[in-house]
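Chemist: My questions all concern the structure below.
Every number here is computed from the coordinates shown, using simple stated rules; none is lab data. In this text the structure is predicted, and so the values were computed from the model without any measurement. Here Cβ is always computed from backbone atoms with ideal geometry, including for glycine, and neighbour counts include all displayed protein chains.
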Amino acid sequence: MKKRKPLSDSSDWSFSLLEAYQTEIARVARHYRLDTYTNQIEVITAEQMMDAYAGVGMPIGYNHWTFGKKFIQTEQTYKRGRMGLAYEIVINSDPCISYLMEENSMTMQALVMAHACYGHNSFFKGNYLFKSWTDASSIIDYLLFAKNYIADCENKFGISDVEATLDACHALMNHGVDRYKRPQKISLEEELKRQKNREEYLQSQVNSLWRTIPTQAEDIKQEKVKFPNEPQENILYFIEKNAPLLKPWQREIVRIVRKISQYFYPQKQTQVMNEGWACFWHYTILNHLYDEGLVTEKFMLEFLHNHTNVVAQPEYNSPYYSGINPYALGFNMFIDIRRICEHPTAEDKQWFPDIAGSNWLDTLHFAMENFKDESFISQFLSPKLIRDFKLFHIHDDTTESYLEIGAIHNEQGYQKIRTALSNQYNLSNLETNIQIIDANIEGDRALTLLYTPHQEIPLGNSKDEVLKHLHYLWQFDVKLVQKNLVDEIEIIAQCPPVEQKTA
Amino acid sequence: MTNFIDRRLNSKNKSTVNRQRFLRRYKSQIKKSVADAINQRGVTDVDNGESIVIPKKDLSEPVFHQGSGGIKDRVHPGNDQFSPGDKIARPPQQGGAGGSGQGEASNSGEGDDDFVFSISKDEYLDLLFEDLALPNLEKSQLDKLVEYKTVRSGYCADGVPGNIDIVKSLQGSIARRIAMTAGKRKKIKELEQELLTLISDKPDAISQQNKLKEEIRTLKNKIARIPFIDTFDLRFRNYKKEAIPTSKAVMFCLMDVSGSMDQATKDIAKRFYVLLYLFLTRTYKTIDVVYIRHHTQAKEVDEQEFFYSKETGGTIASSALELMIEIMDDRYSSNDWNIYGAQASDGDNWADDSPRCAKLLEKNILTKARYFSYIEITQRAHQTLWQKYQEISESNAHFAMRHIKSVDDIYPVFRDLFKKNTKHAA
């Protein structure tokens, strides 16, 4: 490779330098077949970064106190020096918006561009979850629509009511996701058009719950119709379509929160992969530039210093330990896949007969496009990496007075650790499994939800508070039930509480 | 393709609205925190904001989550001592090793500390004095108090040179010149046309041509003599007086600084006035504050001396009232000013003086003042002054008295005294 003149030798950045670096990074990214949305790189100040933080990844957010709370928290921790701000924030949109902080040095800006504008960006565009669940081209429009709609509602119906509705929706946000169905993509224009129709249509639909025309004798003989006829896991969707007393604008707000939740769902499922992919590429691209002589050794030292911090994994007994660092795990897994392809050992050939010795770039793209954290780990976590991380598995059964070591990084343990770690990233194990099983439309319209525990883990004690929110939306009795040890259904929470009803 | 956008100059306060929403939602908690804080404050740091403490549990946003218990399988890095099947003691439940992993981190991540943040001085004062107002102000406003304010009102032809409006004047000048020259210009055009035809038709008629030329020259001279600007063109900015209602008020602060007032009592009194002072300077623009401190003699002092002087002696409270009456007569006629008084004392007074105080207050002050408040700061039983004042308070709705025992009472009593209500005004 012929050596070229370095792009710059100072830590100061300028827009022309950013352009120059960007051009080179883009060239290398193309070389590695990274397919990205158009980049929109916005340079912002630290204060603006705090604003962006508070918006939890939404470049245009509707107004709500919870974002104010997040902003105050961020500001406080930042001012006390407890936390540095992230170097970048990147939005899954088309064009893909990335924020660069003006305080960053030239090296950091280059790192961030490689990481966000080419790493994350190509992940957003290529991964199957993002492809099928999110529509990057319409999200900005949709967020703008949501912001304006909610601001309109506040003007028409008062801040307090809108706030209460949003509070209730936020409490159920994690249960506003279609896990199996795939939403269709629509544009803002259509969205606006449909919103109007939907409002009227929905209101008319709800009336089936109110139907008072006497049923014919024939029908009564039939078995009581169960509604919903199948358990519903998407609580917000069920509320939007069926809550009898919600006003049209409240239904639209439920829908907005549900849509946003759905938009973020793929990000929750691909944290390790997404960060790992981005780290792998900033590492690979910048090293490539170094090999070409485009960046200096000084640049590389600063870069490596930061890179090492990001992908560091403290051990379980370190004071800095707070679970497995997704950056560390993801980065090392992608590096490891490349190693398996390029320099497979006998062990790799035994564990990964498909990919050992294959074209590493093909394999990496395949892995990025077709997996989520859970399946990615169960497919690609190698014994070597388990040894490198010295992973071990703890089995914690609350009924016992001790913890048991289930497996460690040895021949017998690899498979077990791989399965356990994969499960640790399985959202359906982490999030509570709660489904609507009955709405009793012919009686008191009480809503019944069933909690199915995973590995006998009980529901946390916030359940009563959440039920209050659900009750606010449904406006009739809400019950949360669980099957006990002898398979009987027992009520674990309800709203309004029983005491009040008898009194 | 890549676009770079420099957003650094965009507004950085995107979160302001959300911050306001947050303050709005937690107003009751924040107000409690503010009320607790006022009593912890020194006199001098009134210009600062305040840090607010809200219990974290009040702020939580509940979601369904997995509780503790059941069976949990976790993978951790960095094994240095364990073998499969080892049984180890359960570590204490607080983060760190073997504790909560990915799943619960978001719910219980930061522990149960209180949520602490700062509010600005303005936000602090807004919260501190919300719903408070100087009593009876509206009524007085309606009664009299009218002030004049000069406002712009169109243009006029007369005025002092300083008020000349150049643009308007020049517009007038152009209009006048056009009007005065239009006929002549038309004539010149006609003559010029005539001259041209003459030159082409009869090149020999020199004298006729000269005559035409002479006529054109005369007309042109006439046009040139029209002045560029005339006094007639001048326009002056016009002003008129407009009556605006004002709320001019004077607040008398009377404080006992005698020997019987120990440092703690003075401190409480000072804080009461600090609150008062903050309240006044914030709520009303045109307000005078007169500070009178007294022992056996009263003296009008400035703010600095009022709060920080060190004098001792006996107590004759009537001296302060007399001085107040004198100043009122001298400078603050009750026709022009809303008069408010606030007296702070530990209740010690010459027993013989108390009836005189009551009399002065009732006859000379309450007849003119809109509102007078008396706070007594003492741990002991009430003395003659309180008893005499009590008699007056029964018959005078615009006199209020309160008893303060400790520093903690100041703020509630203050709110009580100045809460917005129409009872007195009605």
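Chemist: As a quick test, which of the pairs B:Lys187/B:Lys213; B:Lys368/B:Lys405; B:Lys388/B:Lys419; B:Lys14/B:Lys56 have an alpha carbon distance above 22 angstrom in this structure?
Modeler: Distance filter (> 22 Å) returns B:Lys368/B:Lys405; B:Lys388/B:Lys419; B:Lys14/B:Lys56.
Chemist: Which cross-chain or sequence-distant (5 or more) residues have an amide H under 5 Å from the amide H of A:Gly413, H modelled 1.01 Å from N in plane?
Modeler: Amide H neighbours of A:Gly413, under 5 Å, 5+ apart: A:Ile408.
Chemist: Under a 5 Å amide H to amide H cut-off, with H placed in plane at 1.01 Å, what residues pair with A:Gly61 once short-range neighbours are removed?
Modeler: Long-range HN contacts for A:Gly61: none found.
Chemist: Residue by residue through A:310-322, how many Cβ atoms from other chains fall within 10 Å of the Cβ on average?
Modeler: 4
Chemist: Also: Would you please put A:4-12, A:323-331, A:344-352, A:158-166 in order of how densely packed they are, using the mean number of other Cβ atoms within 10 angstrom per residue and starting with the highest?
Modeler: Listed from highest to lowest mean packing, they are A:323-331, A:158-166, A:344-352, A:4-12.
Chemist: While we're on this one: Let's test the formula: R0 of 41 Å, r as the Cβ-Cβ distance of B:Lys363 and B:Val407. What FRET efficiency results, to the nearest 0.05?
Modeler: E between B:Lys363 and B:Val407, to the nearest 0.05, is 0.75.
Chemist: Go ahead and estimate [θ] at 222 nm for the protein assembly as shown from helices alone: -39,500 (n - 2.57) per DSSP H run with n ≥ 4, summed, over the residue count, rounded to 500.
Modeler: The per-residue figure over the protein assembly as shown is -14500 deg cm²/dmol.
Chemist: Could you give the semi-axes, largest first, of the ellipsoid that matches the stretch A:432-502, computed as the square roots of 5 times the alpha carbon gyration tensor eigenvalues and rounded to whole Å?
Modeler: For the stretch A:432-502, the ellipsoid semi-axes come out as 20, 14, 12 Å.
Chemist: Now a separate question. Could you give me the ³J(HN,Hα) list for the stretch A:152-160, computed from phi with Karplus coefficients 6.51, -1.76, 1.60 and θ = phi - 60°, whole Hz, x at Gly and Pro?
Modeler: Karplus-based 3J(HN,Hα) across the stretch A:152-160 equals 4, 4, 4, 5, 7, 10, x, 4, 4 Hz.
Chemist: What average number of partner chain Cβ atoms lie no more than 10 Å from the Cβ of the residues making up A:402-412?
Modeler: The mean count of partner-chain Cβ atoms within 10 Å per residue comes to 5.
Chemist: Now, a different point. Does the stretch B:246-418 come out rounded, prolate or oblate by the C-alpha gyration tensor, with a ≥ b ≥ c the root eigenvalues, rounded set by a/c under 1.5 and, if not, prolate when a/b is larger than b/c and oblate if not?
Modeler: Rounded is the answer for the stretch B:246-418, as its axis ratio a/c remains below 1.5.
Chemist: Determine the shape class of the stretch B:161-238: with a ≥ b ≥ c the square roots of the Cα gyration tensor eigenvalues, call it rounded for a/c under 1.5, and otherwise prolate if a/b is greater than b/c, oblate otherwise.
Modeler: Prolate, since a/c reaches 1.5 and a/b exceeds b/c.
Chemist: Further question: Kindly write out, for the stretch A:280-293 in residue order, the coupling ³J(HN,Hα) from the Karplus curve 6.51 cos²θ - 1.76 cosθ + 1.60 (θ = phi - 60°), rounded to whole Hz, with x marking Gly and Pro.
Modeler: Each residue of the stretch A:280-293 in turn: 4, 6, 5, 5, 5, 5, 5, 5, 4, 4, 5, 4, 7, x Hz.
Chemist: Can you pull the mean other chain C-beta count within 10 Å for peptide B:80-89?
Modeler: For this peptide, the per-residue mean of nearby foreign Cβ atoms is 6.
Chemist: First select every other residue whose beta carbon is under 13 angstrom from the beta carbon of B:Lys187; then total the charges, Lys and Arg +1, Asp and Glu -1.
Modeler: Surrounding charge for B:Lys187 is +3.
Chemist: Once you put a point 7 Å from the Cα of B:Asn335 and another 7 Å from the Cα of B:Asn210, both along the Cβ direction, what distance in nm separates them?
Modeler: That separation, rounded to one decimal, is 8.5 nm.
Chemist: If you count, for each residue, the other Cβ atoms within 10 Å and average over each peptide, how do B:344-357, A:439-452 line up from highest to lowest?
Modeler: B:344-357, A:439-452
Chemist: Hey, another quick one. Over all Cα pairs of chain A, how is the pair count split among 10 Å bins, expressed in % and running from 0 up to the last occupied bin?
Modeler: Spelled out bin by bin, chain A gives 3, 16, 24, 25, 18, 10, 4, 1, 0 percent.
Chemist: Fully extended, how many nm does the chain gain between A:Ala346 and A:Glu200 (0.36 nm per residue separation, minus their Cα-Cα distance)?
Modeler: Between A:Ala346 and A:Glu200, full extension yields an extra 46.0 nm.
Chemist: Rounded to the nearest 0.05, what FRET efficiency is calculated for B:Glu242 and A:Asn155 with R0 set to 35 Å and r the Cβ-Cβ distance?
Modeler: The computed FRET efficiency comes out at 0.50.
Chemist: Residues with amide H under 5 Å of B:Asp346's amide H, sequence separation 5 or more or different chain, H placed in the peptide plane at 1.01 Å from N; which?
Modeler: When sequence neighbours closer than 5 places are left aside, the close amide H contacts are B:Ile377.
Chemist: Then there's this: Considering the Cα trace of the protein assembly as shown, what is its radius of gyration and what is Dmax, both in angstroms?
Modeler: Reported Rg and Dmax, both Å: 40.3, 137.
Chemist: Spin-label point model (7 Å from Cα, Cβ direction): what's the A:Thr38 to A:Tyr128 distance in nm?
Modeler: Taking the simple label geometry, A:Thr38 and A:Tyr128 are separated by 3.0 nm.
Chemist: Another question about this same structure. Starting with the highest mean, order B:410-418, A:64-72 by the number of other Cβ atoms within 10 Å, averaged over the residues of each peptide.
Modeler: Averaged packing, sorted descending, gives the order A:64-72, B:410-418.
Chemist: Could you check the simple spin-label distance between A:Asn317 and B:Ser83, using points 7 Å along Cα→Cβ, in nm with one decimal?
Modeler: It is 1.7 nm.
Chemist: Compute the length gained on full extension between A:Thr398 and A:Leu192: take 0.36 nm times their separation in residues and subtract their Cα-Cα distance, giving the result in nm to one decimal.
Modeler: Result: 69.0 nm gained on full extension.
Chemist: Sticking with this structure for a sec: Name the shape class, rounded, prolate or oblate, that the alpha-carbon gyration tensor gives for the stretch A:34-128, where a ≥ b ≥ c are the square roots of its eigenvalues, rounded holds for a/c under 1.5, and otherwise prolate holds if a/b is larger than b/c and oblate otherwise.
Modeler: Oblate, since a/c reaches 1.5 and b/c is not below a/b.
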